[in-house]
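The values are calculated or read from the model by the stated rules, or taken from the named source; none is laboratory data. These numbers were taken from a predicted model, which means no experiment stands behind them. Virtual Cβ from ideal backbone geometry, glycine too; neighbours counted across all protein chains shown. The protein model used for the area step is the full one, side chains on, heavy atoms only, and it has no ligands, DNA or RNA in it. Shrake-Rupley method; radii C 1.70, N 1.55, O 1.52, S 1.80 Å.
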Amino acid sequence: MQYFKKHRVSYSVMLLSALSFILIYGTNILNVTYTDWLLCGGDLSQHYLGWKFFRCAPWQWYIGMMNNIAYPYSESVIFTDSIPLFAVFFKLLAGILPGSFQYFGLWGLLCFILQGYLASVILRRYLEREIHVIIGSLFFVFAPILLRRMYWHTSLGGQWLILLALVLFVYYDEWSESSGRTAGVWGLMGALCASVHIYFVPMCGVILFGFVCIDLWKRRKLLRALAPVAAYAAGAVFVVWWLGGFLSGMDDGAPGLGYYSFNLAGFWNTQDWSFFFPQMKNYADGQYEGFAYLGFGFCILLVFTLLAMLQYFFSEQLYHREHLGQFGREHIHVGICIQMGLLSIAMAASQEVSFGSKLLYQIPLSHAVEELWAVFRASGRLVWPAVYLLMLFLIVTGARGVAYLDRKYPTFPKRGLKSTAAVVTLILGISFVFQIADLHEQLWNKHNEFAPIQIYSSELESPFWEKAVAEKEIRHIVFADKDHMNQEQLYSFADFASEHDITINDFYFARALTYPIQEVAEDFMKHPNQNTLYIFTEEAREQSKAYDFVYYEEDGFIIGVTDAFSF
């Protein structure tokens, strides 16, 4: 009982976070054998099918590689956004897993639990009352940037990584005495970020920047301060290398830098995620990637924060230089957090800085810098550290601001409440209720999408496919013109192929392949074998006449084989 009492805040927040996940998404997706919900199109299908191919592919030295999804080339599971950390772990257990298995439901539940738990660890540093920590933590669980990404870009739901980095920053004094320890921990942090999604590397790198600033300010040792940076980079690079990220023939410098950026009006552009406020027009359509709306609950906290800050500023005479200097020295963490937030915003805004529908200015970049930056072409996502820093600031200063105003003005309306803590609890509670009210339509949409049982229907309905595999032991599928297929058709072929341990020569990846996929496909068709199905769309009917195949037409596709089937 003593142990539970000591950790009751953590357990309470974790339980409430798990319940929040279940209320939004239901329990069906937690069934590891229920996979239909992952095959109904969109990025979820890409993530799941990437895992299916990876699971049945033979192990390679570069453990994230699979040789069956872009045959004859090997590709990394990184580029199907299948959460490499989980993909590798569960592949190790493939022999004991059921035939149909998915881990994406468990991943979402884990993300919610860790999001709430790590938020509570951070807030305990600044808030004294347990109930305030609990309510404040739930704001992080219901952060719009988290809810919007979960089961869209599923691996990017791992935003608890940003909070974990913030824990390392906030508790600097408690654990950073040893330089070897700080380097080791940040090295592991870099490896963890790269094993979930590469975009978390620069995001958590922003927090590392703040950590280095604190270390330099307190210890005045440059080499010691830079050691975590080197370890962090080494950990991330090693994981990407070992997962095969540098060997996959992907186009690192993909177009879109600036188009997928953060709009400086993004903190109050709801992008249809608010019940109370309308959305604004962005400069570029791709700036949905820079979604950074906090929610109406934070508007309430902002009011109390501003009132308290103004009152504190003038009552304590902080406008005098000597008082400002003392205030700055006592609040060095705040100054560094502001720098982290500005760095995050600058990275997210990219070289095309816009506000609303207007382009403010464009920064000229050298070709080398632009190519390097384009690795993170969806730069709008990089604003998330600034979002979480702003959320933390508003929750803490909002709570403290209410308490400060209550103490400053004895006539501050309590409506029967007997203590300042009760007033703070009431304001935090009201703010959270308005946060949920503001997001309720989107939460309901999420529930309706994921809570009911979904039934997947493949585009390949004909019995031809199963008969063909049974008669000729088909081992390969070659798409003659994949670009004329829609995603649902491609995913149907991919699901069918992965179920029968058949390779495909192309897939829908996170980045474009630089390999000569089409040329190789044509070579396959010029030198056919009997264990391969050659797939043509209707648009390629004329092209199909160039090859000496026996042809069948099923489900809207033209299928070429070397020898006729007996059925």
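Can you tell me which residue in segment 170-211 is least open to solvent (accessible area, probe 1.4 Å), limited to those that are under 14 Å from Ala227 (Cβ atoms) and part of a loop (DSSP other than H, G, I, E, B)?
Step by step, filter segment 170-211, then rank; the result is Ser176.
Tell me the residue from Ser74, Ser20, Ser12 that is more than 19 Å from the chain's Cα centre (by Cα), surrounded by fewer than 23 Cβ atoms within 10 Å (Cβ to Cβ) and either free of Cβ contacts under 8 Å to residues at least 60 places away in the same chain or part of a helix (DSSP H, G or I) (or both), please.
Going through Ser74, Ser20, Ser12 in turn, the sole match is Ser12.
List the residue pairs whose Cβ atoms are under 7 Å apart, where the first residue sits in segment 150-173 and is under 17 Å from Gly380 (Cβ atoms), the second is crowded, with 23+ Cβ neighbours inside 10 Å and polar (S, T, N, Q), and the two are 6 or more positions apart or on different chains.
As it stands, the answer is Gln159/Gln115, since those pairs meet every condition given.
Which residue out of Leu127, Leu138, Leu114 is over 25 Å from the mean Cα position of the chain (by Cα) and either open to solvent by less than 30 Å² (accessible area, probe 1.4 Å) or closer than 30 Å to Val387 by Cα (or both)?
Within the list Leu127, Leu138, Leu114, the selection yields Leu127.
If you check Ala521 against the conditions, is it closer than 25 Å to Leu49 by Cα and outside any strand (DSSP E or B)?
Against the criterion (closer than 25 Å to Leu49 by Cα and outside any strand (DSSP E or B)), Ala521 qualifies.
Looking at segment 283-311, which of the residues that are farther than 25 Å from Leu428 by Cα and open to solvent by 30 Å² or more (accessible area, probe 1.4 Å) is nearest to the chain's Cα centre (by Cα)?
Residue satisfying both the conditions and the ranking: Tyr288.
Taking the condition of being closer than 24 Å to Leu359 by Cβ and either open to solvent by less than 20 Å² (accessible area, probe 1.4 Å) or without any contact (Cβ under 8 Å) to a residue 12 or more places away in the chain (or both), how many residues in segment 242-255 meet it?
Residues flagged as closer than 24 Å to Leu359 by Cβ and either open to solvent by less than 20 Å² (accessible area, probe 1.4 Å) or without any contact (Cβ under 8 Å) to a residue 12 or more places away in the chain (or both) within segment 242-255 amount to 1.
Which members of segment 501-517 meet the condition of being in contact with a Phe, Trp or Tyr (Cβ under 9 Å, 6 or more places away or on another chain) and at pLDDT 90 or above?
Ile502, Thr503, Ile504, Asn505, Asp506, Phe507, Tyr508, Phe509
List every residue pair whose Cβ atoms sit under 9 Å apart, with the two residues 6 or more apart in sequence or on different chains, where the first one lies in segment 527-549 and is touching a residue at least 60 places away in the same chain (Cβ under 8 Å) and the second, anywhere, is of a type in the set (A, V, I, L, M) and assigned to a loop (DSSP other than H, G, I, E, B).
The qualifying pairs are Leu533/Ile474; Leu533/Ile502; Ala540/Ala480; Gln543/Ala480; Ser544/Ala480.
Report yes if Tyr103 is of a type outside the set (D, E, K, R), over 17 Å from Ser17 (Cα atoms) and open to solvent by less than 10 Å² (accessible area, probe 1.4 Å), otherwise no.
yes
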